[in-house]
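Encoded as structure tokens, the structure appears first; notes follow it.
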Amino acid sequence: MRFNSDAIVWTDFGGVLTPSVSESFSAFARYVQIEPGELMRGMRAVSTRYGAEDVLAPLEAGHLDEREWAGELSAILDLPIAADALSGSWFTARPVNQIWLDVLYLIKGKGIRIGLLTNMPPGWASQWGQMVDPSLFDEVVISSKVGARKPDTRIFSLAAAVAGVPQESCILVDDLKANCVGAEAAGWTSVQYQDSPQATQKLTSLLGAAL
């Protein structure tokens with residue numbers, strides 16, 4: 001499928017513009033000095049309270065802010081976890097994927113819109129905006145602000161509406177297969193990100209333009 005001039009490429013943040021989620025979790029465990037298995041047990045217990053399988057879903061869907069989440073996690077683990085520990089580990093000294101960032105600027109330079117579509121807790125806007133220039137993005141949709149998170153098809157419908165385009169004009173680049181499946185269920189095209197050259201090659205084919 002080739003896309004026309006109303007196409008918009010939506011990129012994920014964590015795992016695409018930044019290191020993988022597994023690397024981020026390891027950094028969090030080191031930051032709070034808790035054994036990873038024990039930390040994961042606590043995070044799963046919090047998510048279970050909110051009927052979620054994904055350990056960050058209560059945050060990313062906006063059910064809890066980071067302070068509330070840290071308080072619940074502290075109580076479960078019987079260990080003090082600072083209210084900003086998660087964001088502190090997620091953003092301190094985190095490298096940006098400059099190769100992918102350059103690709104996005106190339107796409108934008110060809111007149112194709114760029115969107116940021118990310119599952120992210122409330123209150124993190126100032127942090128991600130210090131890592132990547134927000135002006136790169138023509139549209140920004142953050143799960144905790146809209147009350148839906150990937151892979152729920154609702155967030156893809158909301159994002160397309162925000163961009164003012166039909167679902168079939170949207171391309172999602174995301175590292176998680178479940179999110180790509182959710183996007184395609186909503187009528188989008190997806191590119192499961194493995195690395196920047198692979199994703200760039202796929203987008204070149206879809207957009208019909210050399211990147």
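Could you tell me, in Å, what Rg and Dmax come out for the Cα atoms of the range 23-68?
So, for the range 23-68, Rg and Dmax equal 10.7, 27 Å respectively.
Translational diffusion coefficient of the chain at 25 °C, 0.890 mPa s, Stokes-Einstein with Kirkwood Rh over Cα pairs, in µm²/s as a whole number. All intermediate terms of the calculation are to be shown ahead of the outcome.
Numbers: Rh = 17.7 Å.
After rounding, the answer is 139 µm²/s.
Once label points are set 7 Å from the Cα along Cα→Cβ at both ALA161 and ASP133, what is their separation, rounded to one decimal in nm?
For ALA161 paired with ASP133, the spin-label model returns 3.2 nm.
State the percentage of accessible surface on the range 80-161 attributable to carbon and sulfur atoms; use a 1.4 Å probe and exclude ligands, DNA and RNA.
Result for the range 80-161: 56 percent of the exposed heavy-atom area is carbon or sulfur.
Suppose the chain between VAL96 and GLU68 were pulled fully straight at 0.36 nm per residue; how much longer would it get relative to their current alpha carbon spacing?
Stretched out fully, the VAL96 to GLU68 stretch lengthens by 7.3 nm.
So which lysines can LYS110 reach, going by Cα to Cα under 20 Å and dropping same-chain residues fewer than 8 places off?
Leaving aside lysines fewer than 8 places away in the same chain, those within reach of LYS110 are LYS202.
Starting from the Kirkwood Rh over alpha-carbon pairs, what translational D in µm² s⁻¹ does the range 8-127 have by Stokes-Einstein at 10 °C and 1.306 mPa s?
Details: Rh = 15.5 Å.
In µm²/s, the coefficient rounds to 103.
In cubic angstrom, how much convex hull volume per residue do the alpha carbon atoms of the range 80-172 span?
112 Å³
Return one whole number: the accessible area per residue of the range 58-197 in Å², for a 1.4 Å probe.
43 Å²
At a 1.4 Å probe radius, which order do SER5, SER196 fall into by accessible area, largest first?
SER5, SER196
Taking amide H positions as placed in the peptide plane 1.01 Å from N, state which residues far from ASP175 in sequence (5 or more) or on other chains have amide H under 5 Å from it.
Hits under the 5 Å cutoff: TYR193.
The values are calculated or read from the model by the stated rules, or taken from the named source; none is laboratory data. These figures come from a predicted structure and were not determined experimentally. So basically every Cβ, Gly included, is an ideal-geometry build from the backbone, and we count neighbours across all protein chains shown. The accessibility values were calculated without ligands, DNA or RNA, using every heavy atom of the protein model including side chains. Shrake-Rupley method; radii C 1.70, N 1.55, O 1.52, S 1.80 Å.
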